[in-house]
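Note sheet for the following structure.
The values are calculated or read from the model by the stated rules, or taken from the named source; none is laboratory data. In this text, all values refer to a predicted model and were calculated from it rather than measured experimentally. Reconstructed Cβ throughout: ideal geometry from the backbone, glycine too, with neighbour counts over all protein chains shown. The accessibility values were calculated without ligands, DNA or RNA, using every heavy atom of the protein model including side chains. Shrake-Rupley method; radii C 1.70, N 1.55, O 1.52, S 1.80 Å.
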Amino acid sequence: QVMLVESGGGLVQSGGSLRLSCVASGSIFSFYRMGWYRQAPGKQRGLVGTITSVGRGNYAESVKGRCTISRDNAKNTVYLQMNSLKPEDTAVYYCHAEAVGRDYWGQGTKVTVSS
């Protein structure tokens with residue numbers, strides 16, 4: 001069983017930056033895609049962005065140009081760099097990993113952006 005553990009959330013002012021990390025308990029080589037989702041209070045969980053095993057990124061329109069996902073296979077870690085944060089980015093951010101036939105979620109890390 002693979003565990004995903006997120007960290008890096010917190011309180012930041014509007015316009016600020018945060019880098020979230022997601023560490024997998026095992027190798028991430030088996031995951032053909034990893035990504036980040038977020039869920040704001042009262043809303044459904046939605047995509048932030050994903051990165052494939054060959055480093056191809058895909059982002060939600062709402063974060064394009066402000067967020068970058070990267071992965072370090074040697075550290076079994078995926079990162080979400082968020083810049084120019086807005087109050088509407090406030091949410092719990094979840095790491096997600098996809099392997100053949102199964103997927104995994106982290107427990108989430110909370111990001112609060114103050115205006």
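Just to verify a number: FRET efficiency for residue 105 and residue 14, C-beta to C-beta distance, R0 = 35 Å, to 0.05?
The computed FRET efficiency comes out at 0.80.
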Write out the cysteines belonging to the chain for which the nearest other cysteine Cβ is not under 4.7 Å, or none if no such cysteine exists.
-> 67
Heavy-atom accessible area with a 1.4 angstrom probe orders 64, 43, most exposed first, as 43, 64
Amide H neighbours of residue 60 under 5 Å, counting only residues 5+ apart in sequence or on other chains, H built in-plane at 1.01 Å?
-> 49
Sum up the charges of everything whose Cβ sits under 13 Å from the Cβ of residue 62, counting Lys and Arg as +1 and Asp and Glu as -1, but leave residue 62 out.
-> +2
Residue 2 - accessible surface, heavy atoms, 1.4 Å probe, Å² rounded to 10 | 40 Å²
Label residue 44 and residue 73 with points 7 Å out from Cα along Cα→Cβ: what is the distance between them in nm?
-> 3.4 nm
What part of the accessible area of the chain, given as a whole %, is carbon or sulfur when the probe is 1.4 angstrom?
-> 49 percent
Points 7 angstrom from Cα along the Cβ direction at residue 27 and residue 112: gap in nanometres?
-> 4.1 nm
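Viscosity 1.002 mPa s, temperature 20 °C: what is the translational diffusion coefficient of the chain from Stokes-Einstein with a Kirkwood Rh over Cα pairs, rounded to a whole number of µm²/s? Walk me through the intermediate numbers first.
Values: Rh = 13.9 Å.
Estimated diffusion coefficient is 154 µm²/s.
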Once phi for every residue in region 99-114 is put through the Karplus expression 6.51 cos²θ - 1.76 cosθ + 1.60 (θ = phi - 60°), the whole-Hz ³J(HN,Hα) values, with Gly and Pro written as x, are 10, 5, x, 7, 9, 9, 10, x, 8, x, 9, 8, 10, 10, 10, 8
Pick from 45, 71, 102: which residue has the top mean-square fluctuation in a GNM of the chain where Cα pairs under 10 Å get a spring?
-> 102
